[in-house]
Amino acid sequence: MKYLLHTRAGEVRMYVRLDEDGVELRDGQLFWSERGRQKSAHLKDLSRVNLKVNFGGRARVVGIMVLWFRDGTTLNIFSADAVGRFDRQRSATYRSFVQDLHDAIPQDCRSRIAFVAGGANNNAARVAGALTLAAAVAAAVAVLWNIEAITTEIVIILGLAGFFLIWPLSRLMSANSGESYRPHRIPENLLP
């Protein structure tokens with residue numbers, strides 16, 4: 001089955017635009033295009049499956065699946081549009097692809113494949129630092145704003161602003177924790 005999802009070979013990093021479009025699951029193999037050339041790999045050769053989420057604009061998340069194969073090949077599969085924004089249709093396609101891929105992995109190979117949420121390259125320390133910095137800034141604003149001038153309304157506004165700034169970061173941090181998951185039970189927080 002063919003899925004219209006953006007792919008990128010190699011290590012995860014920032015991209016201006018995702019050019020490659022389309023990944024296919026067929027006969028125990030995965031097919032994709034890399035710089036105009038057709039590539040393929042057997043699912044039995046997977047060594048690691050990483051599911052991650054990232055910001056996709058307007059407090060929505062996009063899914064990123066990173067596949068590592070035993071020959072060193074790395075493939076990133078995105079639920080986002082070409083410039084990294086949330087895309088409702090691609091998100092639905094991505095959810096189907098993630099489930100279909102996990103179902104297609106041969107049972108006898110699953111024990112040697114690492115199924116990880118986030119992973120070794122996740123940014124949990126950076127996100128924790130951002131959360132701490134956001135809390136410190138909110139506290140500094142309250143202190144610098146003459147404490148006697150603070151009214152209940154200001155406290156409520158600052159509290160709500162803090163919540164809406166910190167909640168998406170904490171969601172990403174917990175989803176990308178680096179913990180393993182079972183391939184037959186994919187956590188919902190890892191899907192857009």
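Which one of these is under 20 Å from Pro187 (Cα atoms), polar (S, T, N, Q) and free of Cβ contacts under 8 Å to residues at least 12 places away in the same chain: Gln99, Gln38, Gln107?
Values: Gln99 fails: free of Cβ contacts under 8 Å to residues at least 12 places away in the same chain; Gln38 fails: under 20 Å from Pro187 (Cα atoms).
None of the other options fit; the residue is Gln107.
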Notebook entry, point to check: Within segment 5-35, how many residues turn out to be under 20 Å from the mean Cα position of the chain (by Cα), more than 15 Å from Trp68 (Cβ to Cβ) and modelled with pLDDT under 90?
Noted result: 11
Checklist line | Test result for Asn54, of a type in the set (S, T, N, Q), at pLDDT below 95, within 14 Å of the chain's Cα centre (by Cα) and assigned to a strand (DSSP E or B) | finding: yes
Margin query: I'd like the residue in segment 82-114 that is of a type in the set (Ser, Thr, Tyr) and surrounded by 15 or more Cβ atoms within 10 Å (Cβ to Cβ) and, out of all such residues, is farthest from Leu51 (Cα to Cα).
Written below: Thr93
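The values are calculated or read from the model by the stated rules, or taken from the named source; none is laboratory data. Everything numeric here is computed off the predicted structure, so don't read it as measured data. Note that we place each Cβ from the backbone using ideal geometry, even for glycine, and neighbour counts take in every protein chain shown.
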